[in-house]
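To start, the structure itself, in structure tokens.
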Amino acid sequence: ALMNFKSKNKDEFNLDITPLIDVVFLLLIFFMVSTTFKHESEINITLPSASNKTIDAKPDAINIGLDLAGNIYINGTVLINSEFRTIKAALLDKIEYSEKPPVIISADANVKYQSVVHLLDILRQLELVKITYATQILKDEKN
């Protein structure tokens, strides 16, 4: 006797979930692309307006200068190079006696953006967050 245990009913319900996975994946990509994230600034920056307002220089402030040649000046003294270690060591030397002093950045208007970002990164690592940018007064403003 031939034993056949399979049912003769071939109307089994098979759900193909591949299109469902595709749709979910596309939705996931859509929300990832369209979602905007709120970035909290890690550095508190006080930007002076380039008008007739002047900044009161604090005696313990660190003055950092950036020129077009790529030289970095800390309180008027030029650093031997603009490497990460050099800048960090010079700043550590300046903040040794003062707890988180304010920083005044005087950068040439045409200096590379990367140089300023590099400097800001070092300041953030040293937790120097009181940063001001020195600007020149615009004299030919016509209202």
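The values are calculated or read from the model by the stated rules, or taken from the named source; none is laboratory data. All figures in this text were calculated on a predicted structure; none of them were measured in a lab. In this analysis, Cβ positions are derived from the backbone assuming ideal geometry, glycine residues included, and neighbour counts consider all displayed protein chains.
Just a few scattered comments:
- Qualifying positions in region 23-81 - modelled with pLDDT under 60 and either of a type in the set (D, E, K, R) or more than 23 Å from ASP108 (Cβ to Cβ) (or both): LYS38, HIS39, GLU40, SER41, GLU42, ASN44, LYS53, ASP56
- Leading residue by the ranking (surrounded by the fewest Cβ atoms within 10 Å (Cβ to Cβ)) among those in region 85-143 that are part of a loop (DSSP other than H, G, I, E, B) and either at pLDDT 85 or above or in contact with a Lys or Arg (Cβ under 8 Å, 6 or more places away or on another chain) (or both): GLU127
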